[in-house]
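The values are calculated or read from the model by the stated rules, or taken from the named source; none is laboratory data. Computed from a predicted model, the values in this text were never measured in an experiment. Cβ placement follows ideal geometry from the backbone for every residue including glycine, while neighbour counts extend to all protein chains displayed.
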Amino acid sequence: MPTWHSSEKPCVIADVDYPQGIAGTDIFPPRSLVARRMTGETVACESDEDSHARARPTMDMTTSPATNALQPLQRDVQRLLGRCLLRLQQYERLMKAIVAHHEISGPAHSLESIRAARIEDAATKTLGTLVGQLFGSYVVTDGNGGEERDDDLPGDVVSFRTRVQLSLSAQDYAKTQSDLKDLVSLRNTLVHHFIDQHDLWTVDGCRAAQDELGSAYTRIDQHFEQLRGWAEHMDQPRRLAAEFVQSDVFHDLVVNGIAPDGTVDWSAAGIVRALREAAAQLAVEGWTPIAAAGRWIADRHPEQLPAKYGCSSWRQVVHECRLFELRYREVEGQRAAWYRPREA
């Protein structure tokens with residue numbers, strides 16, 4: 001037990017082991033004793049009798065009538081605090097998902113690893129850091145969503161960039177940002193300072209704690225519902241994007257270089273890649289007969305047809321794409337078209 005000295009002068013509480021809890025509880029040790037024991041704070045001790053009288057409620061609480069009144073209150077405080085912390089954890093998990101998934105960019109073959117890296121990075125962030133990342137990236141002001149930049153993407157492979165944003169008025173943006181900063185402060189108070197701010201060894205202190213935890217949960221739950229609404233807002237365009245990725249239009253865009261409006265990006269066109277493959281197999285002194293290349297491609301890539309690209313013949317494909325040199329030769333008395341890739 002603590003050693004108390006009868007003196008009007010400050011004294012230091014001896015470094016002794018205090019009880020870890022009382023009758024059915026194990027998280028509410030005597031607040032004043034623990035705080036002073038950990039900090040080494042000096043306290044004024046009036047007399048042995050006064051000091052023991054002050055300590056008696058702590059030491060005898062397991063048998064005193066006050067303990068019977070405190071126990072259910074303390075247990076309810078534990079329940080209410082746990083409810084707040086669980087809701088905060090749900091909030092943080094959802095926040096991490098939004099931060100990790102609301103945008104992604106990179107080469108098509110690396111998207112999965114890039115996504116995994118973003119998820120791993122978000123998992124290590126505190127709530128305060130996540131809130132800071134959210135604003136200006138996912139949550140933006142009207143007309144200030146940021147410019148799209150492609151100079152950080154490789155130009156020699158198929159790459160993607162997707163971003164989902166929530167646009168707010170300047171007034172709503174400022175209010176939302178302030179509200180989330182208050183939520184971070186509330187979270188830190190509940191996790192680190194709640195016992196310091198409430199005397200959980202009195203009935204009045206427990207009741208005050210109950211009231212504050214009830215209000216805190218209401219605030220946390222409101223923020224959670226708001227964030228869930230944001231997640232649904234983000235999920236809808238992601239579902240639409242997923243449907244688009246599985247569509248024939250997307251396949252034509254990525255594999256064949258054909259935009260939804262029919263415009264052809266010849267440098268990304270599947271038929272151009274097929275012509276290059278045919279040239280690598282059939283070229284004679286660097287030149288390949290277009291007719292022979294057409295038959296070779298029909299056997300190996302039957303889906304690559306000139307008509308898909310708005311052309312009536314293989315010769316027109318070679319002419320329109322401007323990526324091959326075209327030459328005519330007399331072969332067995334007939335004029336035939338030959339091609340070879342242009343030098344870079």
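Kindly list, by first and then second residue, each pair from a residue in region 256-274 that is in contact (Cβ under 8 Å) with a residue 40 or more places away in the chain and polar (S, T, N, Q) to a residue that is buried (at least 17 other Cβ atoms within 10 Å of the Cβ) and not in a loop (DSSP other than H, G, I, E, B), limited to pairs with Cβ atoms under 7 Å and residues at least 6 apart or on different chains.
N256/G270
Within region 284-303, take every residue that is aliphatic (A, V, I, L, M) and touching a strand residue (DSSP E or B) at 6+ places or on another chain (Cβ under 7 Å) and give me the one that is nearest to E320 (Cα to Cα). Give the derivation first.
Step one: of region 284-303, the residues aliphatic (A, V, I, L, M) are 284, 290-293, 297-298.
Within this subset, residues satisfying the condition of being touching a strand residue (DSSP E or B) at 6+ places or on another chain (Cβ under 7 Å) are 290-291.
Values: I290: 14, A291: 17 Å.
Applying the filter and picking the extreme gives I290.
Got a number for residues in region 93-109 being more than 17 Å from D235 (Cβ to Cβ) and either buried (at least 17 other Cβ atoms within 10 Å of the Cβ) or touching a strand residue (DSSP E or B) at 6+ places or on another chain (Cβ under 9 Å) (or both)? Steps first, please.
If we filter region 93-109 for residues that are more than 17 Å from D235 (Cβ to Cβ), which is where we start, we get 105-109.
Within this subset, residues satisfying the condition of being either buried (at least 17 other Cβ atoms within 10 Å of the Cβ) or touching a strand residue (DSSP E or B) at 6+ places or on another chain (Cβ under 9 Å) (or both) are 105-108.
Qualifying residue count, region 93-109: 4.
Determine whether I119 is closer than 18 Å to A100 by Cβ and either at pLDDT 95 or above or assigned to a helix (DSSP H, G or I) (or both).
So I119 fits the description; yes.
For region 189-206, name all the residues that are in contact (Cβ under 8 Å) with a residue 12 or more places away in the chain and within 13 Å of L81 (Cα to Cα).
L190, V191, F194, I195, H198, L200, C206
Residues being under 26 Å from R115 (Cβ atoms), small (G, A, S) and either at pLDDT below 90 or in contact with a helix residue (DSSP H, G or I) (Cβ under 7 Å, 6 or more places away or on another chain) (or both): count how many of those fall in region 226-269.
Initial filter on region 226-269 (under 26 Å from R115 (Cβ atoms)): 226-257, 259-260, 265, 268.
From what's left, small (G, A, S): 229, 231, 241-242, 247, 257, 259, 268.
Those still in the list that are either at pLDDT below 90 or in contact with a helix residue (DSSP H, G or I) (Cβ under 7 Å, 6 or more places away or on another chain) (or both) too: 231, 241-242, 247, 257, 259, 268.
Selection size over region 226-269: 7.
For L73, work out the one condition from (1) more than 30 Å from the chain's Cα centre (by Cα); (2) at pLDDT 70 or above; (3) surrounded by fewer than 16 Cβ atoms within 10 Å (Cβ to Cβ) it doesn't fulfil.
Condition (3) is where L73 drops out.
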